[in-house]
Amino acid sequence: MDSEIYSKYEIIDAHAHIFPEKIAENATVNIGHFYDLPMESCGMSKQLIQSGEKIGVKNYLVCSTATTPHQISSINEFIARECRQTPNFYGLGTTHPDSENIEADIQQIKSLGLHGVKLHPDFQNFDADSPKAFEIYEVLQGDMPLLIHCGDRRYDRSAPHKIAEIHKNFPRLKLHSAHFGGYQRWSEAEECLAGLENVVFDISSSMAFLTDDYLRHLISKYGAENCFFGSDFPMWSHEEELRKLLGLGLTERENRLILSEGFKNFYGLE
Ligand SMILES: [Zn+2]
């Protein structure tokens, strides 16, 4: 892409996964199978940067999910290590509803200097509105933001109505709902989630499936300030995602909000 097109924008990738080198290839293959989608890259930090550099990404929200409780601590340490090595990474930690000590996990995440928690109900095998998951939200509310995967037409674990249930029970929780609030369930998502205070969205893993008209509709319904650009790395190419976003013909102000300003405001970045 012509650098003149994007260089006027500050760009933050609000949703990227990274994996330790040893497992990056396998993890990427497994995600590809799970979603039946081709992966753009292998999920290592250096590849994330290589892909993001093509459009001048300034910061990356990076995360990795513990599929079992015994992985929690080592994944949090891994994310913190990557953030130390790459200062433009903004790391979220992980916990699990089956963890023996959720408060201790959140404490670890804070002491490592991470900024919030990422959960993926489908990979972690829990219902987003289950009592066990509520224990996590209880600890996070008023403290740290939560990025949660939302939606999948095959499963109900992270369905938009369950995300709305989280907000109903924890209205002060800062809730970053991935994929416009419901991957493959976009119309349900807008019905359940539009207009809720403290609920924001990223637009990752959505643009390839939706028409330009519907994307413009979603962004205007949620508000551009609540919709964050993201690659869902290693799923999509930064360049292609940016091309699609800028192709929507939104105003410059809307593009600025989506590409970085909304994210900085929500996560409290300078
Ligand atoms: Zn994710």
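Which value, in nm² and rounded to one decimal, describes the direction-averaged projected area of the C-alpha convex hull of region 32-161?
It is 8.6 nm².
With label points built 7 Å along Cα→Cβ from the Cα atoms of Asp213 and Asp36, find their separation and express it in nm.
Placing both labels 7 Å beyond Cα along the Cβ direction yields 2.7 nm.
Using 7 Å Cα-to-Cβ label points, what is the Glu197/Gln71 separation (nm, one decimal)?
In this crude label model, Glu197 to Gln71 measures out at 3.7 nm.
Between Ala208, Ala16, Ala66, which gets the highest mean-square fluctuation from a Gaussian network model of the chain, Cα cutoff 10 Å?
Answer for the Gaussian network model of the chain: Ala208.
In debye, nearest 20: dipole of the chain around its Cα centre with unit charges on the Cβ of K, R (+) and D, E (-)? Mind showing how you got there, number by number?
Details: 25 positive and 40 negative charges, 53 e Å.
Charge dipole of the chain: 260 debye, to the nearest 20.
Compare Gly142, Gly116, Gly247 in a GNM of the chain, Cα atoms joined below 10 Å, and give the one with the largest fluctuation.
Ranking Gly142, Gly116, Gly247 by mean-square fluctuation puts Gly247 first.
Starting from 0.36 nm per residue, how many nanometres of slack lie between Ser187 and Lys58 once their C-alpha separation is accounted for?
43.3 nm
If you take the charge dipole of region 3-262 about its Cα centre, with +1 on Lys and Arg Cβ and -1 on Asp and Glu Cβ, which of Asn30, Asn59, Ala178 is farthest toward its positive end?
Asn59
If eta is 0.890 mPa s and T is 25 °C, what Stokes-Einstein diffusion coefficient results for the chain, Kirkwood Rh from Cα pairs, in µm²/s?
Answer from the Stokes-Einstein relation: 134 µm²/s.
Students often forget the sequence filter, so: which aspartates and glutamates lie under 16 Å Cα-Cα from Lys8 once same-chain residues fewer than 8 apart are removed?
Glu53, Glu239, Glu252, Glu254, Glu261
Work out the charge dipole of region 3-262 with +1 on the Cβ of Lys and Arg and -1 on the Cβ of Asp and Glu about the Cα centre, then indicate which of Ser204, His15, Ala80 is farthest towards its positive end.
Farthest towards the positive pole: Ala80.
Pull up the cross-link candidates among the lysines for Lys118, meaning alpha carbon to alpha carbon under 23 Å and not fewer than 8 places away within one chain.
Partners found: Lys22, Lys46, Lys58, Lys110, Lys132, Lys162, Lys168, Lys174, Lys264.
Determine by what factor the alpha-carbon radius of gyration of region 139-270 differs from 2.2 N^0.38 Å, reporting the quotient.
Numbers: Rg = 13.9 Å, N = 132, 2.2 N^0.38 = 14.1 Å.
Relative to the rule-of-thumb radius for its length, region 139-270 sits at 0.99.
Excluding Val57 itself, what net charge comes from residues whose Cβ is under 10 Å from its Cβ, given Lys and Arg +1 and Asp and Glu -1?
Details: positive: Lys54, Lys58; negative: Glu10, Asp13, Glu53.
With Lys, Arg at +1 and Asp, Glu at -1, the net is -1.
Report the net charge of residues surrounding Phe34, where surrounding means a beta-carbon distance below 14 angstrom and charges are Lys +1, Arg +1, Asp -1, Glu -1.
Summing Lys/Arg as +1 and Asp/Glu as -1 gives -1.
Which of the trypsin sites (Lys or Arg not before Pro) found in region 103-154 are in a DSSP loop and have at most 11 neighbouring Cβ atoms, other than their own, within 10 Å?
On the way: sites: Lys110, Lys118, Lys132, Arg153, Arg154; in loops: Arg153, Arg154.
Here the trypsin sites (Lys or Arg not before Pro) that fit, given the DSSP loop and packing criteria, are Arg153, Arg154.
Could you work out [θ]222 nm for the chain from helices alone, using -39500 (n - 2.57) per DSSP H run of at least four and dividing by all its residues? Round to the nearest 500 deg cm²/dmol.
Using -39500 (n - 2.57) per qualifying helix, the result is -12000 deg cm²/dmol.
Around Ile203, with a cut-off of 10 angstrom between Cβ atoms, what is the net charge of the other residues, counting Lys and Arg +1 and Asp and Glu -1?
-2
Read-outs throughout are calculated quantities, based only on the coordinates presented, and are distinct from any laboratory measurement. These numbers come from a predicted model, not from an experiment. Cβ sites come from the backbone with ideal geometry, for glycine too, and all protein chains shown count toward neighbours.
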